[in-house]
1. Translational diffusion coefficient of segment 282-427 at 10 °C, 1.306 mPa s, Stokes-Einstein with Kirkwood Rh over Cα pairs, in µm²/s as a whole number.
2. Using label points projected 7 Å from each Cα along Cα→Cβ, tell me how many nm separate THR300 and THR212, to one decimal.
3. Over segment 198-327, what per residue volume does the convex hull of the Cα atoms give, in whole Å³?
4. Pull up all non-local amide H partners of SER311: gap of 5 or more, or a different chain, and H-to-H distance under 5 Å with H placed in the peptide plane.
5. For segment 159-262, how big is Rg over Rh, using alpha carbon atoms and the Kirkwood form of Rh?
6. Ratio of Rg to Rh for segment 384-431, alpha carbon only, Kirkwood?
7. Compute the Kirkwood hydrodynamic radius of segment 234-302, taking the inverse of the mean of 1/r over all pairs of distinct Cα atoms, and give it in Å to one decimal.
8. Each residue of segment 344-351 in order: what ³J(HN,Hα) in whole Hz does its phi give by Karplus 6.51 cos²θ - 1.76 cosθ + 1.60, θ = phi - 60°, with x for Gly and Pro?
Amino acid sequence: MQTLILHSTFIPRNLEITINSNSSHHHQLTLITAKSSSTIFHNLTKNSSTIFYNLTKKLPKTDQTIINFKSPLPSIFKSLDDFICNVIDLPLPPSLDPKHVLSGNFAPVSELPPTACDAVEGSLPGCLDGGAYIRNGPNPHFFPNGPYHLFEGDGMLHMIKFSHGKPTFCCRYVNTHKHAVEREIGYPFVPSIFSSFNGGLLASISRFFLTTARVIAGQFDPINHGLGPANTSLALISDRLFALCESDLPYAIEITAEGDLKTLGRHDFGLKSAPFSRMTAHPKIDCVTGEAFAYEYVGTPPSLKLFRIDSDGKRQKHVPISMEKFTAIHDFAVTERYAVIPDVQIVVNPWSILKGRSPVEIDREKVARLGVIPRYAEDEGEMVWIEAAGFNPVHCASAWEEDGGDTVCVVASNAMAVDKLLENVGSAEMRMEKIVVDVKRKTVVRRQRLSPEILDFGVINPAYAAKKHRYIYAAIVCELRLIGVVKLDLSIPIKGSGGDCAVASRWYGPSCHGSEPFFVAREPNNPTAEEDDGYLVTYLHDDNTPQSKFIVMDAKSPNLDIIAAVKLPQRIPTGFHGLFLSESDLNKLIRQSC
């Protein structure tokens, strides 16, 4: 047996390597890349040919031949990419300039293995012990050369794990297809719909053809492996943990017994995924049945596919839902009987790329609607559409039914200035609203603003998901910073379209900002516990220091008092959504991965 070893950092697809040899030996072809070594073909005879590179080589009589080869294509593609960014792109506005977007606490950090947290202030409540709090967010592995949007960047998970009062912290990238291929090549090149096509007509067309060339050459494969960064949220579905973004399928995540994070791979829930498959970043979990409800939107009719994942983790038959336009829906709501889908003014128009603009845009002429459909519907004929002009919810905090199911209530953060949402999300004037619709009469009964503050990232006690409840906890937003948290009491009567049902709040301080809050019940297994008997947990950063903290707030106190804080060994950049996993949740995750 003779071995041919091909050294390369990049192998194009659909090209061939031919071995001509006078030897009667069988040969073995091994591919060695910068990250791995694997035998691709065994027992090649002297007339064998493979599907790699057009290379003729007479093998000597030695047992091993090493051919060092490096394709010129990555260098060519990199030069073209630099030319587009440095010459063709129009001047970048602040919202797309990476030097501006990735400044301050939006600057990325490096991975950190499990590290002990030495400084604990106050007393950590017992309900945290054995569990872990994890938050997701964009953290680009490479600093962008061209335009960059806040919603981009490789997903990074930041986790603090508690064991007998001794917390450990770690942060790891979600090893998506995007992250893996960019790390292999050594620079960022996977396109994004939010920024890559905003540099003018010539730059947009150039990036489109360069991306196509990369796919043809095999540099990456978005058709079969996706291109999403998995940087938006996390969900526990059928006792498995997933990192999600709406431009791709979820990625399964393992939490090791040592407190580390490991990416297990892209997951399709037992249904063979079609090209460019994706799923919402905000699936809704029914804690009673163990089911998850989700959707994907596609570029061809029907625009939306609503589906259910059963308690065994298997995706069930989807219900196609037709929409007038390809709508970019970020979140939806689920009650005990219905799924509520907002048809907002944020749309996707692929033809905008040919105009030098992002395909995601605002349709000012469109009238926003709410679609209400039974969550076990067989077809879209059971959908009821209700016009709700100006209602463009970004995040749905909760939803429930009243009047025997004839009335549906939804609480969500509404982008009052939706025109500014994509350009500068901090200027979109997010207001927490409660909207009540009559399903039978197909009309809006009432809309109420719940607070004069700019609020987003509303959460509730997870045990009350899909049920009527009393309290909502939301982040107070100032520009792009979450500067505090407020507790809203929905039982307080509000007159007119505006009001304030806040009963408690906490402002973090002039230089401090946090993440989305998450509610953790003090006695999660006590059915008689009061709804607000628990704690709010989140990460907090002070711009005057290089460190961040994990803080615990008393959800029942009038000032949401901080009762415990853990100094973290590394700064945590501003990010998106997170969740807390109890000791029981973690034990199930570990058993699943065994």
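1. 99
2. Computed distance between label sites THR300 and THR212 equals 1.8 nm.
3. Expressed per residue, the convex hull around the Cα atoms of segment 198-327 is 145 Å³.
4. Amide H neighbours of SER311, under 5 Å, 5+ apart: none.
5. 1.09
6. Expressed as Rg/Rh, it is 1.09.
7. This gives a value of 13.1 Å.
8. 8, 8, 8, 10, 10, 10, x, 5
The values are calculated or read from the model by the stated rules, or taken from the named source; none is laboratory data. Quick caveat: nothing in here was measured; it's all calculated off a predicted structure. Cβ coordinates were reconstructed from backbone atoms using ideal geometry, including for glycine residues, and neighbour counts include every protein chain displayed. Surface areas here come from the heavy atoms of the whole protein model, side chains and all, with no ligands, DNA or RNA. Shrake-Rupley method; radii C 1.70, N 1.55, O 1.52, S 1.80 Å.
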